[in-house]
Amino acid sequence: MADYKNNTIPGLIGVFLLTYGLFFPSLSAEWVSFIIDRLQESMEIMDSGQLLIASFAYISRNALLYFLIYFSTLLIVSALTKNTDSIAFSFLFISATLTAVFLINEFYGESSSYAPHFFSLGLLLALNSYITKQRYYYLTFAVILFFLITAMQCLNLIPLLSQWSFGADDLAISLKTADSFITEDQLFTALYFVLFAIFFLIAVIFALLVHLFNIQITTLKRFQVQEKELKETRFALTESKVYEEIHSLVHDLKTPLVTVRGLISLIAMKYEKTEDKKLQDYLTRVDHSIDKMNEMISEILYENTKKEIDVDEFLRYVISHLVLDDQKIRLEMEVQENLPYIHVNKIRFARAIANLLENAIISFEGKAGFIQIDVKKVNDTVRFQIRDNGPGIKEELMQEIWKEGFSTKDSSGLGLSFVKRVVENHQGTIFVSSTPGSHTQMDIYLPVSSGQGGAFYDIDHR
């Protein structure tokens with residue numbers, strides 16, 4: 001099916017070409033006079049060369065005339081029906097073309113027979129079925145039409161085909177009569193059978209080549225889609241396996257932690273009455289660390305495990321995990337004062353923010369730059385804005401960056417798909433804007449809780 005965003009333009013072009021085609025016989029009066037002059041001269045001096053010139057001019061003039069008619073009606077009908085494979089299209093195309101031929105015959109007395117046009121239209125529609133209705137459909141059709149129309153005009157000058165209404169107009173009859181008088185039908189019969197075969201074969205071969213090329217393109221696109229689906233499936237399986245292994249490892253950490261906590265409890269009971277304050281402090285700190293590890297394990301294993309946390313404390317935790325010592329990057333962080341607490345899975349949400357920062361760092365490829373973190377309250381949300389002056393993201397990739405497995409750095413592609421999943425799990429939203437060569441900005445909006453916090457930091461790692 002032809003799929004065009006706007007069929008109005010082809011339709012308007014078709015109307016213009018059809019109008020020009022209907023006026024073409026009067027506009028080509030000098031062309032006809034040239035043919036008649038060469039024809040008369042060939043008869044006077046018995047010169048087959050002048051006859052050939054007249055016949056070539058006839059074929060050129062008629063080929064242009066009917067190319068305008070056929071191509072204009074195709075544009076108009078395809079704009080109306082949209083589906084160039086339908087029966088309605090074929091019926092309207094044949095009707096519109098023959099109507100235009102009828103008008104030319106009536107207005108200008110061309111005496112063109114309809115039988116050759118039925119033959120031409122049948123061949124044209126047969127070849128049209130091999131043309132893929134895509135970007136260059138009209139151009140491909142025009143090339144095939146040119147060679148086919150030229151081939152059909154060659155048939156009009158073959159004397160043997162006159163009995164089947166080929167070449168029934170006055171000019172064609174006059175040319176064939178002159179050929180019969182000068183060469184006894186030998187010149188036109190031999191020459192135009194050969195030329196017909198050449199032009200017709202070119203039209204057929206071109207249509208088949210375009211068809212085979214489109215098959216290759218379609219097959220290539222299908223392979224690309226399959227490869228992409230396979231890559232996404234492979235990535236999903238790998239990611240699933242990685243998460244499963246991580247969960248198993250983290251889950252297995254619970255057993256030794258329980259053992260350690262039990263041993264710490266026994267030690268605390270044994271030295272409960274000791275006056276060694278330092279030992280008691282050590283035991284308390286170890287027990288507190290075990291509690292922290294248990295919380296972290298729960299947040300890793302269960303993504304819905306969330307708690308309220310101060311934004312300032314959360315950002316300190318995120319920044320502590322970044323490696324910026326060897327980077328020529330200036331990290332600026334501004335947090336609005338008295339921000340409400342956020343309700344998050346600390347481990348997962350921190351990993352999401354860290355992924356955005358790491359992506360920005362990687363984009364600089366060791367060059368100098370800056371990353372700006374701005375956190376403030378916006379209506380009923382806390383907005384985390386991360387902006388860098390890196391190379392930016394190309395416009396054609398903006399819809400691809402959120403897909404699992406997507407990466408432009410030959411990496412696993414976990415980053416942004418993971419970030420989006422984490423943000424949405426926190427009932428938040430994420431937006432990206434980027435200008436290639438200028439900046440990239442990520443905005444995350446999270447529902448707020450209650451609490452306070454706020455600070456300003458300017459960390460320079462150059």
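Brief remarks follow.
- Carbon/sulfur fraction of accessible area - the stretch 340-398, other protein chains in place, 1.4 Å, %: 48
- Over 20 Å (Cα to Cα) - which of LYS367/LYS403; LYS133/LYS221; LYS278/LYS346; LYS133/LYS228 fall in this group: LYS367/LYS403; LYS278/LYS346; LYS133/LYS228
- Solvent-accessible area, 1.4 Å probe, carbon plus sulfur percent, for the stretch 34-109: 66
- List ASP185, ASP443, ordered by accessible area with a 1.4 Å probe, largest first: ASP185, ASP443
- The residues of the stretch 304-357 have, on average, 47 Å² of accessible surface per residue, using a 1.4 Å probe with all protein chains present.
- Counting heavy atoms of the protein chains alone, LYS82 has an accessible area of about 110 Å² for a 1.4 Å probe.
- When all protein chains stay in place and ligands, DNA and RNA are ignored, the 1.4 Å accessible-area order of HIS211, HIS343, largest first, is HIS343, HIS211.
- Counting all C-alpha pairs of the stretch 88-171, share separated by more than 14 Å (%): 68
- Whole-Hz Karplus values for the stretch 384-395 come out as 9, 10, 10, 10, 10, 9, x, x, x, 10, 5, 4 Hz, taken residue by residue from phi with 6.51 cos²θ - 1.76 cosθ + 1.60 and θ = phi - 60°; glycine and proline positions read x.
- Long-range HN-HN contacts of VAL448 with modeled amide H, under 5 Å: VAL382
- Rounded if a/c under 1.5, otherwise prolate or oblate - the stretch 1-129, Cα gyration tensor axes: prolate
- With N as its number of residues, the stretch 311-360 has a Cα radius of gyration that, divided by 2.2 N^0.38 Å, comes to 1.21.
- Charge dipole of the stretch 67-193 about the Cα centre (unit charges at C-beta), most positive-ward option of GLY122, ALA142, GLN186: ALA142
The values are calculated or read from the model by the stated rules, or taken from the named source; none is laboratory data. A quick note: this is a predicted structure, and the numbers were derived from the prediction, not measured. Methodologically, a virtual Cβ is constructed for each residue, glycine included, from the backbone with ideal geometry; neighbour enumeration extends over all protein chains shown. Just the protein is used for accessible areas: all its heavy atoms, side chains included, with ligands, DNA and RNA removed. Shrake-Rupley method; radii C 1.70, N 1.55, O 1.52, S 1.80 Å.
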